[in-house]
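Okay, so here's the structure we're looking at.
Here, each number is a calculation from the coordinates, and none is a lab measurement. Small disclaimer: the values here were computed from a predicted structure and weren't measured. In this analysis, Cβ positions are derived from the backbone assuming ideal geometry, glycine residues included, and neighbour counts consider all displayed protein chains.
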Amino acid sequence: MSLLPSLLPWAVAAWLLGVGLYGIVTSRNFVHLIGCLSVVQSSTYVLLLSVGFRTGGIAPIFYTHPPGTPAVDPMVHALVLTDVVVGATVTALLLALILQLHKRRGTVDPEALRPMQP
Amino acid sequence: MDEAGGGFATVIGGLFAATLVFAWGYFDEVHAHFHVLMLVFMAGMIGFCLTHDVFNTFVWFEVMSVAAFALTGYELKADPLQGALNFTVVNSVGSYLLLDGIGLLYAVGGALDMGALGAAVARAPADPVVAAAFVLMAYGLLIKSAQVPFHFWLPDAHAVAPSPVSVMFSGAMVALGIFGLARISFTVFAASTAVMQVIRTLLLGLGVASALVGAAMALLQRHLKRLLAFSTVAHTGVLLIGLELLSPGGASGMLLYMAGHGLVKGALFMVAGILLSVCGGIDEIALRGQGARAWPAGVAMAAGGLLLAGLPAGLMDGGFGRIADAAAAGGQRWLWLPLVAGAAGTGAAVLRAAGRIFLGWGPVPCGEDRSLTDQEQEKNDRPLWLMLLPALALLAGSCVETAGAGRLATSAAAAFMPPGAAAGPAFPQPGAPVIVLAWLSVVLALLLAAWQLSRQRLPGPLNRSAQRVLGPPGAGLDFLHSGAVGDYIAWVVVGLALFTAAFGLG
């Protein structure tokens, strides 16, 4: 029983990675594909947050708590924050690219958008 | 800062200086954001070289990648945009896997500094989480360094990016994947025998496959930038073989080869840019005999082709010799075969293209006429010497007196490797067989190029039987390079299964 809560976030991360990759492989619409890429990225959020989680820990703000109170690891929060910024950048860039490409090719199907192929 | 990181950062800086001279007047309207993106790209790559912190590795990796994605699609035409999309999706998946691996490593070691993580791995070398962390981190870096079967994005992106950007892609960015992999393998995972075993078996296999597939695909191309892109795949395979030997000799050879390859490949992409600008095309068959106006570029291209093939001069040859020596010292003399095949095949492809474009040889194509091409063109109002000068500077840089560079690579590799790993033979001087190997590779490249350029003189039955033997494998390789991003990600999943199987069996 005690094993389940500790394994659950890892299983969720693996699941998100798997479904995201499956979505990218099978997608027929680039906007949908970019959504799947975000799902793959969500797996990194879940994984990082679960690495830093401490059962019973408080948020790492010690204003009202004495130093030494068990707290979750703030390091991973910094990592996730950076990761969120990266994800926003990549998603925005991809959406801009696909918008430009749609203007030129009139389609957003990855199967029809192969570089250098007529 | 260590000598390996500092040394490669210097090479990157030199490449950028030459590239920005080459890009002078490249765009009709230079919006400032081209230069801003190039500088951000450079900052990302240099930061990646210098950092000793796994999370900063990820951050610099992303800075470099996002700038590279934007630069690929900079011209906002259909082909570059498609190439940029494939590049972005595949590399982003790689970087998220890298970050997953960093998270697992943090769970094991509770630190992000590579030295501290190395100590943590040494305390729990058989931990399966360590193995999983290595797989995920190696994955991101293997995708970046375009190893078979994760290389599909590379020809799509390098062939369509503006020429100055392609110079940096092939010259530095791809090699950085191998550099990062070497850094984490030597610094963080050196104590884990399971990981080292996987490096010796699975990564060796990937390196050999990259060298062979890259060389074969390069020979099958007619689009010059795509040809050079596949030759980069072959040479990163050679780099991975140098890494896999896990000896100081192999590592110093890898560092030398990385620097030499960056300079030579950069110069060759500049020659491709000159052809786009002066001759208004990049297709080898359409340009047959058209290059005479720019004959000095042809000399540079032939020199570059010979250096790729392993001409015993300069940094590339120094690295090649050390890797071959280290392979022999490690009892893996059979590795000479993929090393020679990779060098000779890519050299032959470049020499064939040079012979056809600048001398008008080779009226009968042999298979490369079926490959992809496009009608790219770049504006033609820049003086030839302005574009040629940086290319010649890079070629000269790759041929510097190698004794000093060799000493630097030796001490850099010693600092790069973990203490105690230097159990192998120290630094053998390139022996006689290795010099023979280099000349053998050059002669093979010349023969291969001569054969491809003189098919009209060979008897018909010989040509037809060669076509029957070589045609189907070539068509199969072409079929695999489908251009659809879903297929590429399917290969990533296949690779994930391969890694899991390697750890399960090993």
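Using only the Cα atoms of the stretch B:3-505, build the gyration tensor, take square roots of its eigenvalues as a ≥ b ≥ c, and label the shape rounded, prolate or oblate: rounded if a/c is under 1.5, else prolate if a/b is larger than b/c, else oblate.
Judged from the Cα gyration tensor, the stretch B:3-505 comes out prolate (a/c at least 1.5, a/b above b/c).
Tell me, what is the FRET efficiency for residue B:197 and residue A:32 to the nearest 0.05, using R0 = 41 angstrom and their Cβ-Cβ distance as r?
0.55
Please give the Cα centre distance for the stretch B:1-28 versus the stretch B:69-110, rounded to the nearest Å.
Going from one Cα centre to the other spans 22 Å.
Please work out the C-alpha center-to-center distance from the stretch B:476-506 to the stretch B:138-211 and express it in whole Å.
So the separation of the two Cα centres works out to 15 Å.
At residue A:14 and residue A:104, where each label point lies 7 Å from the Cα along Cα→Cβ, what is the point-to-point distance in nanometres?
Rounded to a tenth, the inter-label distance reads 4.2 nm.
Place the peptides B:458-464, B:142-148, A:94-100 in order of packing, highest mean first, counting for every residue the other Cβ atoms within 10 Å and averaging per peptide.
Those peptides, ordered most packed to least, come out B:142-148, A:94-100, B:458-464.
Note down the nm distance, to one decimal, between modelled labels 7 Å out along Cα→Cβ at residue B:56 and at residue B:333.
Calculated label separation equals 4.5 nm.
May I ask you to derive the FRET efficiency for residue B:386 and residue B:415 from their Cβ-Cβ distance with R0 = 30 Å, giving the value to the nearest 0.05?
The calculated FRET efficiency here is 0.15.
Could you work out the relative contact order of the stretch B:3-146? I mean the mean sequence separation of Cα pairs under 8 Å and 6+ apart, divided by the number of residues, in percent.
Averaging sequence separation for qualifying contacts and normalising by length gives 21 percent for the stretch B:3-146.
Take every Cα pair under 8 Å in chain B that's 6+ residues apart, average their separations, divide by the length, and report that relative contact order as a whole percent.
Once divided by the residue count of chain B, the mean separation gives 18 percent.
Testing the spin-label approximation: label points 7 Å from Cα along Cα→Cβ at residue B:76 and residue B:500. State their distance in nm.
The modelled label-to-label distance comes out at 4.4 nm.
Can you give the local net charge around residue B:157? Use residues other than it whose beta-carbon is closer than 11 angstrom to its beta-carbon, Lys and Arg +1, Asp and Glu -1.
0
Among residues other than residue B:243 whose Cβ falls under 13 Å from its Cβ, what is the net charge (Lys/Arg +1, Asp/Glu -1)?
Local net charge: +2.
Over all Cα pairs of the protein assembly as shown, how is the pair count split among 10 Å bins, expressed in % and running from 0 up to the last occupied bin?
Here the calculated profile for the protein assembly as shown is 3, 17, 28, 27, 16, 6, 2, 0, 0, 0.
Given bins 10 angstrom wide, list per bin the percent of all Cα-Cα distances in the stretch B:216-355, short to long.
13, 43, 27, 12, 3
In whole Hz, with x marking every Gly and Pro, tabulate ³J(HN,Hα) for the stretch B:272-279 from phi via Karplus 6.51 cos²θ - 1.76 cosθ + 1.60, θ = phi - 60°.
Karplus-based 3J(HN,Hα) across the stretch B:272-279 equals 4, x, 4, 5, 4, 7, 7, 9 Hz.
Under 18 Å from the Cα of residue B:77, which lysines turn up, not counting those fewer than eight places away in the same chain?
Straight-distance partners of residue B:77: A:103, B:225, B:379.
For the stretch B:283-370, what's the relative contact order in percent, using C-alpha pairs closer than 8 Å and at least 6 residues apart?
The value is 51 percent.
With a ≥ b ≥ c taken as the square roots of the eigenvalues of the C-alpha gyration tensor of the stretch B:22-84, please select rounded if a/c is under 1.5 and otherwise prolate if a/b is larger than b/c or oblate if it is not?
Oblate is the answer for the stretch B:22-84, as a/c is 1.5 or above yet b/c matches or exceeds a/b.
Can you check what the net charge comes to around residue B:166, using other residues whose Cβ is under 11 Å from the Cβ of residue B:166 (Lys, Arg +1; Asp, Glu -1)?
Around residue B:166, the charge tally is +3.
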